[in-house]
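The values are calculated or read from the model by the stated rules, or taken from the named source; none is laboratory data. This is a predicted model, so every value here is computed, not measured. Please note: Cβ atoms are built from the backbone with ideal geometry, for glycine as well, and neighbour counts cover all protein chains shown. To get the accessible areas, we keep the full protein, side chains included, count just its heavy atoms, and leave off ligands, DNA and RNA. Shrake-Rupley method; radii C 1.70, N 1.55, O 1.52, S 1.80 Å.
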Amino acid sequence: MATLKEILTRRPISATIRLTVDAGAAKPGPPVGPALGQYKLNSMAFCKDFNARTQKFKPGTPMAVTITAFKDGTFDFTVRSPSVTWYLKQAAGIELGSGRPGHVTASTLTLKHVYEIAKIKQSDPFCQYMPLESICKSIIGTANSMGIKVQKELD
């Protein structure tokens, strides 16, 4: 239950914006500028904060951002790690998955690759309380749908 103080200090939300922005490369231009501008948010302040938060990641890494815009013109945002598909493509060294998953294999990975990706994804707010085994199973399912075969060890 929320306390009375929390209820009285809540700010009304005007929008929730979801973007994918490269790490350390947020600029006030498109796609960030127009998305924030329509809610009268300071895009330069967002770019500075986002670039500061994502400087530990390799430049060019696509980061998922959820921006909560408040009616008083302020905002708050959460940065999630890159998508599982991006990690799988990087680990497999491919640009695209298979056009016919299940019939054509695009690449192969080991369970060690899957485990490392799962450890990274466990730090995400949505996967924080999930067991590592469940995250691994989800990643294996994503790999199968991309045409990437997961083996115990590479031959």
- Name the lysines eligible as straight-distance cross-link partners of K56: C-alpha to C-alpha under 18 Å, and not fewer than 8 places from it in the same chain. K27, K48, K119, K121
- Item | Entries in K58/K149; K58/K89; K89/K149 that, when Cα-Cα distance is taken, lie over 18 Å | K58/K149
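What is the dipole size for the chain, taken about its Cα centre, with +1 at each Lys and Arg Cβ and -1 at each Asp and Glu Cβ, in debye to the nearest 20?
That gives a dipole near 240 debye.
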- Once both axes come from the Cα atoms, what is the angle between helix 132-146 and the longest principal axis of the chain, in degrees from 0 to 90, rounded to 10? 70 degrees
- Message: Which lysines, if any, have their Cα less than 26 Å from the Cα of K5, not counting same-chain residues under 8 positions apart?
- Response: K71
- Quick calc of log₁₀ I(q)/I(0), the stretch 22-153, Debye, one scatterer on every Cα, no solvent, q values 0.11, 0.12, 0.15 1/Å, result -0.50, -0.58, -0.80
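Could you provide, to the nearest whole Å², the per residue accessible area of the chain with probe 1.4 Å? Walk me through the numbers on the way to the answer.
On the way: 9940 Å² over 155 residues.
Computed with neighbouring chains in place, this is 64 Å² per residue.
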- Item | Top positive-direction residue, dipole computed over the chain with Cβ charges, set G141, Q38, S107 | Q38
- Residues of the stretch 91-124 with amide N under 12 Å of the 7 Å Cα→Cβ point at M130: 118-124
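Output the peptides 24-31, 142-149, 98-105 sorted from most to least packed, where packing is the average of other Cβ atoms within 10 Å over each peptide's residues.
142-149, 24-31, 98-105
Run the numbers for T74 and D22: contour at 0.36 nm per residue of separation, minus the present Cα-Cα distance, in nm.
Values: separation 52, 0.36 × 52 = 18.72 nm, distance 2.25 nm.
So the extension gain works out to 16.5 nm.
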- Label zone at Q55 (point 7 Å along Cα-to-Cβ), backbone N below 13 Å, the stretch 7-26: 24-25
